[in-house]
Amino acid sequence: MKATLLLSPPPLLPPKLPILTTVTSLHLTPTLTFPSLRPKLNYVFTPRPDFRVWADDGDADGGGPDDYDMDEEEVEEVDNKKDYDVEYDPLAAAAASAGGGGGDDDIEMVDSKSFVSIQGWDSETIVDYRINEDEFHKISLLDCDFFIRKPPDPDNDVYDFREMYVTPPDTDIYAIPRVLAPIPQKYIRCAKSDYGCYNVTEPPIDAPRDPLYKSEMEISKVFLTKHYRNRRLGDPEFVLDFEEIYVIDSKTKSITRAKVLVTVPGGRNRDRKGDLLVIRDNGNSFKIIHSSQREDPTTVIEREEWIKTRQDMERHLRKLRDFSVSNWF
């Protein structure tokens, strides 16, 4: 069953973030959580909009790029985003006003002595040394563990993509991961979100005192969403930049940048606090819409179920007639 997730900017008060899950035997929506956005005690927060997880209908239609001016501070990131610029809906672009946006708040760089990385679909290169895992963000997925250099920072949300490793789960055989898209050459702040499902084990059970049903979280992908202009979580203007999302895939043991379609007018200079991110097709399709366009999850689920029911009925009726399309449908 196709699943869809919608995300809106984070709350100002630090509530527990919602989790929406998929069960193997039940038709639910995949999990997407933001544990890295839980606030630290060192900051004083003011109310912000809540993170919400919703469902959306159909896939995103393709559109042409939007033209807008960039400030000099933004030009330095053009090389990192080459061939992976955000795609803007032409209808939304027509309503966008021209103008430049501000640059990111840079984070002081610290040289890494052991940087090694590759790009492309080549096989992974195994290194002949061990790393100090305390100096890395450890991201545990179903098929592998991913390590990304962690520069010293009190918020613990700064990532250095110039040095990354991948290992089989809970082992110390380190390899260079596949990098399938240009990655930032400087530090950026990111919010980590898990994408996966719950695997429910039904009877028979292994032991008499085991629970009747067992459920285990299987994380197939992890999304690293950049903080807009690298602002800290406690900043009053904090918001996530849904245009820049890096996807870590458990199956391919790779990292890439998501291609995002923006349907909200305003280009880069829009008010991002109203953005809503729609994720479909098992974490492969990304679209940004305005929060006012979100639909009730029940309505979306009913529509998806009706489409599936029509397809199943059509397959059944096809066996009983000599023409391919039913007049009833």
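Checked against (1) free of Cβ contacts under 8 Å to residues at least 24 places away in the same chain; (2) over 28 Å from Asp143 (Cα atoms), Glu304 passes all but condition (1). One residue stands out among those in the stretch 282-301 that are open to solvent by 40 Å² or more (accessible area, probe 1.4 Å) and within 18 Å of the chain's Cα centre (by Cα): the one that is farthest from Arg229 (Cα to Cα), which is Asn282. Going by what's in this entry, would Cys190 be described as part of a strand (DSSP E or B), surrounded by 14 or more Cβ atoms within 10 Å (Cβ to Cβ) and at pLDDT below 95? Criteria not met by Cys190. For Ser215, the criteria (1) modelled with pLDDT under 90; (2) over 30 Å from Asp145 (Cα atoms) hold in every case but one, which is (2). Report yes if Val222 is open to solvent by less than 10 Å² (accessible area, probe 1.4 Å) and more than 18 Å from Asp194 (Cβ to Cβ), otherwise no. So Val222 fails the test. Hey, could you check the stretch 126-182 for residues that are assigned to a strand (DSSP E or B) and open to solvent by 70 Å² or more (accessible area, probe 1.4 Å) and say which is farthest from Glu244 (Cα to Cα)? Across the stretch 126-182, the extreme among qualifying residues is Ile126. If you check Leu320 against the conditions, is it open to solvent by 40 Å² or more (accessible area, probe 1.4 Å), over 30 Å from Val166 (Cα atoms) and either in a loop (DSSP other than H, G, I, E, B) or touching a residue at least 40 places away in the same chain (Cβ under 8 Å) (or both)? For Leu320, the condition - open to solvent by 40 Å² or more (accessible area, probe 1.4 Å), over 30 Å from Val166 (Cα atoms) and either in a loop (DSSP other than H, G, I, E, B) or touching a residue at least 40 places away in the same chain (Cβ under 8 Å) (or both) - is met.
Each residue in the stretch 258-271 was checked for being open to solvent by less than 10 Å² (accessible area, probe 1.4 Å) and either charged (D, E, K, R) or at positive phi (or both), and 1 of them qualify.
Filter the stretch 275-301 down to the residues that are without any contact (Cβ under 8 Å) to a residue 60 or more places away in the chain and part of a helix (DSSP H, G or I), then identify the one that is nearest to Cys197 (Cα to Cα). Checked the stretch 275-301; the qualifying residue nearest to Cys197 (Cα to Cα) is Thr298. Taking the numbered list (1) at pLDDT 75 or above; (2) open to solvent by 70 Å² or more (accessible area, probe 1.4 Å); (3) over 19 Å from Ile248 (Cβ atoms); (4) in a loop (DSSP other than H, G, I, E, B) in turn, Val110 passes all entries but (1).
The values are calculated or read from the model by the stated rules, or taken from the named source; none is laboratory data. Please read all numbers here as calculations on a predicted model, not as lab measurements. Positions of Cβ are generated from backbone atoms using ideal geometry, with glycine treated the same way; all protein chains shown enter the neighbour counts. Surface areas here come from the heavy atoms of the whole protein model, side chains and all, with no ligands, DNA or RNA. Shrake-Rupley method; radii C 1.70, N 1.55, O 1.52, S 1.80 Å.
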